[in-house]
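Below is one structure, written out as structure tokens; comments come after it.
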Amino acid sequence: MFNLILFGPPGSGKGTQSEKLIAKYGLKHLSTGDLLRSEIAAKTPLGLEAKNIMDKGQLVPDEVVIGMISSALDANPTAKGFLFDGFPRTGAQAQALDNLLELKEASINVMLALDVSEKELVKRLLKRGETSGRSDDTNEHVIRARITEYHNKTAIVAEYYRQFNKVVLIKGEGSVDDIFAALSKEIDERNKE
Ligand code: ADP
């Protein structure tokens, strides 16, 4: 299995690059943001609880997202690898993911971390809000809250993987194709079967 974490703050391009990467490498895309939005669309109790938290720009409780990822891993027993997008977002989630993968005799091969300036992030998210239908993208206050959550709770996840030498920082500004090429190069170097 080849397991990849695409990491970076909100608006850093994880969704855009994930789509291209799963097509190229045949990985199963696991986005906790997408999974939560499906729960919201289906009006499940979990979705209703998550919506209130997401609309404030805060993180959904660890046990909720860990449970979703655990189910998704079990639901895809033949996947040749996973691309984790928007997960793990806390130290506890990173630890839980390692434990879940270990049960499957697998691990994270690499974390590719997209680096984008805060000014550019806010600009991109407000622009996405014009068309995405995502309520958390339309209000600059909520966008700033998400970036603050990222600095306070999520940035340390990179430290967790750095101790295992698994983190590569990728410049996340420039053309989509250039960023995709830089990500692909790192994967190709590590994914030699
Ligand atoms: P973005 O990266 O653009 O902020 P996402 O779609 O990844 O968007 O996530 C949207 C929201 O969903 C987050 O602001 C958060 O409230 C919630 N969320 C997504 N993934 C997680 C996670 N791993 N842990 C906690 N909350 C999460």
**Request:** Pull out the extension gain between T78 and F164, defined as 0.36 nm times the separation in residues minus the alpha carbon to alpha carbon distance; nm, one decimal.
**Result:** 28.3 nm
**MRE, 222 nm, helices only [DSSP H, n ≥ 4, -39500 (n - 2.57), over the chain, to nearest 500]** = -17000 deg cm²/dmol
**Message:** What distance in nm separates the two pseudo spin-label positions at S175 and K20, each 7 Å out from Cα along the beta-carbon direction?
**Reply:** 1.0 nm
**Request:** Please give the FRET efficiency for D115 paired with H141, using the beta carbon to beta carbon distance and R0 = 22 Å, rounded to the nearest 0.05.
**Result:** 0.35
**Prompt:** How far, in nm, would the chain grow between D98 and L48 when pulled straight, counting 0.36 nm per residue and subtracting the alpha carbon separation?
**Reply:** 15.2 nm
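The numbers here are math on the coordinates, done by the rules we state, and not lab data. None of these values were measured; they are calculated from a predicted model. FYI the Cβ positions are ideal-geometry reconstructions off the backbone, even for glycines, and counts take in every protein chain you see.
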